[in-house]
Structure formats: structure tokens, C-alpha cells
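Each remark here refers to the structure printed beneath this line.
Laboratory data are not the source of any read-out in this text; all were calculated from the coordinates shown. Just so it is clear, the model here is predicted, and its values are computed rather than measured. Here the Cβ positions follow ideal geometry from the backbone for every residue, glycine too, while neighbour counts run over all protein chains shown.
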Amino acid sequence: MLPVILLLYRNLPEDVGQQLEEAPADRSDVSGATVHRNSVAPLAGLDLRSAVRTRAYWIMITLHFVTGMVWAGTVFHLIPVFDRCGLTANQAAAILGIYAVSMAVVQPIAGLLTDLVPLNLFLSAASALVASAMAVLLSTQSM
């Protein structure tokens, strides 16, 4: 996946031959300076090269990597866990079906929340939920 992202992902409209839309009308910005219709506001944030040099970028990459590995390891080993707990194959399949449907419902909602909630709070809450779920799974003796 990484080679595809490196080859195809573009961060700025200029990277694909586009430009930002113009301001709707002459207006004043926060500093009181007049912003004319033909001017384009600069993008806030960093480009990829600048972001890769920050500590926050590597913390986020590590967080996503670890979370993904934890979930992958958990999901891949759920059937043996269910088997040890005495569930039948039909019961295990039903639980995995519920899991899949719940993920299909939750992911679009989480996407909407990322637009409404500051990302640092959202990711902190998501990480806390993952840690809580793993703690519950580790403390479970039987189902």
C-alpha cells in the first residue's frame, strides 16, 4: 500500500494542476487587511516533507501502526478464543457478523466526528477505547 500512496497521493491542489477557489467577495481578514476577490488564502498546515520532520507526525504514525496491529492480531485470533471459551462455530460466526456490521456503521460516523471534534481529542478518545477494549479482553476468563 505504501508504494501506491507514495506514487498517487497528492496533498495540494497544485499537485494535480488545480487551484484553490477564489474568496467570495472583498472582505477583511482577522488582522483588518482587505482581502480582494482575486486573492487566494494560503493553506494552513504543513506539506508532507515538512510534516515528516515533526515529532507529532511520527507519534501519529506510531499510534496508527500499533492500533492497527492490535486490532489485526485480535480479529485474527478471535476464532481460537471463541473456541477455547466453548462457543460453537455458528455462535462465533454470528459474533463476527455483528462485529462486521457494527464496524460498517461506526466508521462513517467516526468520519463525520473527525470534522466536528478536534482531532487530538478524537484520537485520544479512540486510543483510550482501544486500550479499554484490550484490557477487557485480557481480563476475560470465559464468555
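Things worth noting here:
- Any pair with Cβ under 7 angstrom, 6 or more apart, that starts in segment 49-64 at a residue that is under 25 Å from A128 (Cα atoms) and ends at one that is polar (S, T, N, Q) and outside any loop (DSSP other than H, G, I, E, B): L63/S127
- Test: residue in segment 90-105 that is under 19 Å from A133 (Cβ atoms) and touching a residue at least 60 places away in the same chain (Cβ under 8 Å): no
- Residue match in segment 43-55 (condition: surrounded by fewer than 12 Cβ atoms within 10 Å (Cβ to Cβ), closer than 30 Å to Q19 by Cα and β-branched (V, I, T)): yes
- Check on T62, in a helix (DSSP H, G or I) and touching a helix residue (DSSP H, G or I) at 6+ places or on another chain (Cβ under 8 Å): no
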